[in-house]
Amino acid sequence: MPAVHTAFSRLFSPRNLVLVLSSGAVMALLLGGLFSGQAQQPQEATPQAVTVQLQHEPTPSQASMEALGGLPANVRMTLLVQDLVTGEVRESLNSRAPMIPASTTKLVTAAAVLGELNGMDGWWSTELTVPAAEWGREQVSALTLRGSADPTPTVTGPNDSLADLAAQAAKNGIREVGTVVLDDGSLQPDSWQNAVIETPMAAFMPQEWLERRPANAEAFRREIHAALINALEEAGIHVADRTLTSAAAPAARQPAEGVASVQSSDLAAFLASTLRPSDNLRAEELLASVAAQPGQPGTLEAAGRRAAEILHGWGVDTAGIELHDGSGLTRDNRLTARALVDLLDVMYRTGGTGRPYSDPLTVFENDANPYAEALAHAGVGGSKYGRGGTLSGRLVGTGLDVRAKTGTLPGVSSLAGYVVGGSGHPLAFAVLMNGPETAPILELRAVQDRWVQAIAAQY
């Protein structure tokens with residue numbers, strides 16, 4: 001009876017099963033184990049009662065099952081709903097089963113960046129350095145661009161740009177540079193070309209190039225190098241040798257001093273511009289910034305592992321998850337409804353600030369939680385690049401407050417985020433659906449929308 005066995009295995013899994021034994025039974029077990037090797041005959045004990053108490057997370061309600069009734073038979077589904085005020089799990093279905101998450105992966109990517117930058121007040125930095133022995137001179141043998149894979153800068157803007165760096169270097173007295181050096185730090189730009197997105201990353205990623213990405217990592221480096229030389233020349237700094245030079249390995253580097261630096265600004269806005277329209281390239285840029293952190297191997301694979309480590313450090317149940325990109329384009333990623341809801345709970349309580357809110361409910365109600373506000377807002381209409389994002393045309397007219405991330409691949413549809421229930425409490429929810437690539441995505445979305453309305457009405 002394999003079907004029955006599977007059902008009982010789920011219901012009575014170690015996480016859902018608690019045995020409660022009377023004190024007499026416990027003593028009998030202990031004494032039996034301690035004295036089982038002795039020759040004397042044990043005295044016959046009075047039988048003690050053994051109570052078995054089964055605890056498991058509640059399955060979907062009747063109303064929820066009716067809402068989910070339109071799901072095609074060949075589509076697997078997992079889901080979880082948790083009241084964020086009480087901490088109570090309201091509904092659960094196979095919530096620890098690993099599933100292809102599609103773009104709900106971006107929830108993890110954004111959170112991992114916040115973990116590395118210590119919250120929304122963090123920033124990426126880029127600097128120009130000269131050999132320490134030459135600091136203060138007008139002529140230097142080398143000027144090195146050291147980046148942290150900042151995805152926010154520009155080439156010509158007034159702030160956080162190559163033009164800004166060049167202007168600072170000129171203000172600090174530099175008039176001539178022997179050669180311009182690029183330092184990618186620990187980042188391995190080529191590793192992203194093996195991903196589905198097939199796009200190289202770099203230690204400095206100007207926004208102007210978002211739509212015309214260089215073909216490979218070497219071309220990317222050449223364009224950055226040329227753009228920096230142009231910026232230096234425009235700032236009045238002559239570059240003697242225009243040959244592209246790479247930084248020495250860390251162990252062989254000489255001491256250096258900074259002559260210019262810029263910082264990224266408004267991290268929350270960048271996350272919103274990634275999450276709401278589900279921008280795949282920006283999501284990979286975010287993961288590249290995780291890879292570029294000091295002490296990291298700098299590869300796409302290592303960045304995925306680091307993201308999982310950050311979540312685990314926050315108490316997220318990471319069992320079964322696999323992260324092979326930052327966007328969710330690959331079908332090799334695996335997430336669970338449990339992991340997503342755990343993460344949403346952490347973000348509800350901290351907003352990605354790295355510090356718990358004293359009153360997370362009030363922060364959420366006042367639209368002041370930057371992580372929740374970076375998500376798409378359902379039913380508001382307009383372009384996907386606006387506040388509604390990929391949810392702008394869903395749940396229209398329902399009056400629900402839904403802030404969530406969608407996910408779509410052939411045969412895959414997912415939705416995870418927050419909805420305010422009838423109790424006034426925010427609910428964290430996740431629903432992941434995996435089926436054949438021919439599965440009707442619009443039908444899956446319609447089922448999800450009905451279910452979100454059902455849980456909001458009940459809880």
Exercise for the section: Determine whether Arg137 is charged (D, E, K, R), surrounded by fewer than 21 Cβ atoms within 10 Å (Cβ to Cβ) and not assigned by TED's automatic domain parsing to the domain that holds His425. Expected result: yes
Exercise for the section: Would you be able to tell me the number of residues in segment 267-305 that are in contact (Cβ under 8 Å) with a residue 40 or more places away in the chain and more than 19 Å from Leu329 (Cβ to Cβ)? Expected result: 11
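Out of the residues in segment 400-413 that are over 17 Å from the mean Cα position of the chain (by Cα) and not in a loop (DSSP other than H, G, I, E, B), which is surrounded by the most Cβ atoms within 10 Å (Cβ to Cβ)? Full working, then the answer.
We begin by selecting, within segment 400-413, every residue over 17 Å from the mean Cα position of the chain (by Cα); these are 400-402, 409-413.
Subset that is not in a loop (DSSP other than H, G, I, E, B): 402, 409, 412-413.
Details: Val402: 25, Leu409: 20, Val412: 24, Ser413: 28.
Step by step, filter segment 400-413, then rank; the result is Ser413.
Could you please find all residues in segment 279-319 being among the basic types (Lys, Arg) and surrounded by fewer than 19 Cβ atoms within 10 Å (Cβ to Cβ)?
Arg305
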Practice task
Assess whether Thr199 counts as being in contact with a Phe, Trp or Tyr (Cβ under 8 Å, 6 or more places away or on another chain) and assigned by TED's automatic domain parsing to the domain that holds Gln139.
Solution key: yes
Completion exercise
Looking across segment 414-426 at residues that are assigned to a strand (DSSP E or B) and out of contact with any Lys or Arg (no Cβ under 6 Å at 6 or more places or on another chain), the single one that is surrounded by the most Cβ atoms within 10 Å (Cβ to Cβ) is Ser414
Exercise for the section: Please state which one of Gln254, Gln188 is touching a residue at least 40 places away in the same chain (Cβ under 8 Å) and under 21 Å from the mean Cα position of the chain (by Cα). Expected result: Gln188
Problem - Test: residue in segment 400-417 that is under 18 Å from Ala63 (Cα atoms), touching a Gly at 6+ places or on another chain (Cβ under 6 Å) and in contact (Cβ under 8 Å) with a residue 12 or more places away in the chain - result: no
Completion exercise
Being touching a strand residue (DSSP E or B) at 6+ places or on another chain (Cβ under 8 Å), at pLDDT below 90 and within 18 Å of Val155 (Cβ to Cβ) narrows Glu233, Glu208 down to just Glu208
Practice task
Please state which of the following conditions Phe429 fails to meet, knowing it meets all the rest: (1) part of a helix (DSSP H, G or I); (2) surrounded by 16 or more Cβ atoms within 10 Å (Cβ to Cβ).
Solution key: (1)
Problem - Lone unmet requirement of (1) within 20 Å of Leu329 (Cα to Cα); (2) assigned to a helix (DSSP H, G or I); (3) of a type in the set (Lys, Arg) for Arg222 - result: (1)
Practice task
From (1) more than 16 Å from Pro101 (Cβ to Cβ); (2) part of a strand (DSSP E or B), pick out the condition that doesn't hold for Gly397.
Solution key: (2)
Exercise for the section: Could you check Arg146 against (1) modelled with pLDDT of 95 or more; (2) touching a Leu at 6+ places or on another chain (Cβ under 9 Å); (3) surrounded by fewer than 21 Cβ atoms within 10 Å (Cβ to Cβ); (4) farther than 28 Å from Ala374 by Cα and say which number it fails? Expected result: (1)
Practice task
Restricting attention to segment 93-144, report how many residues are assigned to a helix (DSSP H, G or I) and either in contact (Cβ under 8 Å) with a residue 60 or more places away in the chain or of a type in the set (A, V, I, L, M, F, W, C) (or both).
Solution key: 18
Handout entry: Residues located in segment 357-371, provided they are free of Cβ contacts under 8 Å to residues at least 60 places away in the same chain, surrounded by 12 or more Cβ atoms within 10 Å (Cβ to Cβ) and part of a helix (DSSP H, G or I)
Key = Val363, Glu365
Problem - Boolean, Gly351 is modelled with pLDDT under 95, in the same structural domain as Gly115 (by TED's automatic domain parsing) and surrounded by fewer than 19 Cβ atoms within 10 Å (Cβ to Cβ) - result: no
Exercise for the section: List every residue pair whose Cβ atoms sit under 9 Å apart, with the two residues 6 or more apart in sequence or on different chains, where the first one lies in segment 420-445 and is outside the structural domain of Val81 (by TED's automatic domain parsing) and the second, anywhere, is surrounded by 17 or more Cβ atoms within 10 Å (Cβ to Cβ) and hydroxyl-bearing (Ser, Thr, Tyr). Expected result: none
Practice task
Would you mention how many residues in segment 370-398 are under 18 Å from Leu427 (Cβ atoms), touching a strand residue (DSSP E or B) at 6+ places or on another chain (Cβ under 9 Å) and not basic (Lys, Arg)?
Solution key: 9
Exercise for the section: For segment 267-278, state whether one or more residues are crowded, with 23+ Cβ neighbours inside 10 Å, more than 30 Å from Gly388 (Cβ to Cβ) and touching a strand residue (DSSP E or B) at 6+ places or on another chain (Cβ under 9 Å). Expected result: no
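The values are calculated or read from the model by the stated rules, or taken from the named source; none is laboratory data. These figures come from a predicted structure and were not determined experimentally. Cβ coordinates were reconstructed from backbone atoms using ideal geometry, including for glycine residues, and neighbour counts include every protein chain displayed.
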